[in-house]
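Colleague: Before I ask anything, let me first share the structure, which is written out below as structure tokens.
The values are calculated or read from the model by the stated rules, or taken from the named source; none is laboratory data. Note that the structure is predicted; figures quoted are calculated from it, not measured. A quick note on method: Cβ atoms are made from the backbone with ideal geometry, for glycine too, and the neighbour counts reach across all protein chains shown. Accessible surface is based on the protein model in full, side chains and every heavy atom, while ligands, DNA and RNA are left aside. Shrake-Rupley method; radii C 1.70, N 1.55, O 1.52, S 1.80 Å.
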Amino acid sequence: QRLRYVELKHGRIAQLAFLGQIVTRAGIHLPGNIDLACNSFDSFPDGLAAISGPDAIPQAGLGQIVLFVGLLELFVMKDVTGEAEFPGDFRNGALDFGWDTFSEETKLRKRAIELNN
């Protein structure tokens, strides 16, 4: 069960990372400034250049990102309530985008699609 849980979590992270690459390389960035020095989000490079290189995000900013991800890992992205139907079910009784309305066959098919991607 633990290996399946970790596999699903890493797969979801990889999908989000890929989507982030596609969106930022298409030129879509958050509006406004990233810091108090009035640096805009689009003033930093895309990809690995954003964390290393002359125009990279400052180390304090990178530390904030790592801290935020760690807090999500420890407190949010887990089965808090113990009501999970399967490994990787992080709804915790709060989020339900119609999952409970699907038949068992549809649920198994959707979970298989996620594993295969």
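Colleague: Evaluate the range 98-105: report whether one residue or more is open to solvent by 60 Å² or more (accessible area, probe 1.4 Å) and within 26 Å of Ile22 (Cβ to Cβ).
Modeller: Scanning the range 98-105 turns up no residue that is open to solvent by 60 Å² or more (accessible area, probe 1.4 Å) and within 26 Å of Ile22 (Cβ to Cβ).
Colleague: For the range 2-47, enumerate the residues that are on the phi > 0 side of the Ramachandran plot and open to solvent by 80 Å² or more (accessible area, probe 1.4 Å). Break it down into steps so the answer makes sense when it comes.
Modeller: Initially, the range 2-47 is screened for residues on the phi > 0 side of the Ramachandran plot, giving 27, 32, 38, 47.
Within the range 2-47, Cys38 is the sole residue that qualifies.
Colleague: Take Ala60 and tell me if it is under 20 Å from the mean Cα position of the chain (by Cα) and of a type in the set (Gly, Ala, Ser). Explain how you work it out, then say what you get.
Modeller: Numbers: under 20 Å from the mean Cα position of the chain (by Cα): no; of a type in the set (Gly, Ala, Ser): yes.
Judged against the criteria, Ala60 is not a match.
Colleague: Right, something else. Write out, first by first residue and then by second, each pair whose Cβ atoms fall under 6 Å of each other, whose residues are 6+ apart or on separate chains, and whose first residue, in the range 2-18, is modelled with pLDDT under 85 while the second is open to solvent by 50 Å² or more (accessible area, probe 1.4 Å) and not in a helix (DSSP H, G or I).
Modeller: Listed pairs, sorted by first residue: none to list.
Colleague: For the range 48-58, enumerate the residues that are surrounded by 12 or more Cβ atoms within 10 Å (Cβ to Cβ) and part of a helix (DSSP H, G or I).
Modeller: Those that are surrounded by 12 or more Cβ atoms within 10 Å (Cβ to Cβ) and part of a helix (DSSP H, G or I): Ala49, Ala50.
Colleague: Regarding the range 70-90, can at least one residue be identified that is modelled with pLDDT of 90 or more, open to solvent by 60 Å² or more (accessible area, probe 1.4 Å) and of a type in the set (S, T, N, Q)? Working first, answer last.
Modeller: We begin by selecting, within the range 70-90, every residue modelled with pLDDT of 90 or more; these are 70-71.
From the residues that got through so far, the ones that are open to solvent by 60 Å² or more (accessible area, probe 1.4 Å) too are 71.
Keeping just the survivors that are of a type in the set (S, T, N, Q) gives none.
No.
Colleague: Being part of a helix (DSSP H, G or I) and more than 18 Å from the chain's Cα centre (by Cα): is that true of Thr106 here? Step through it out loud before you land on a result.
Modeller: Values: part of a helix (DSSP H, G or I): yes; more than 18 Å from the chain's Cα centre (by Cα): yes.
In short, yes.
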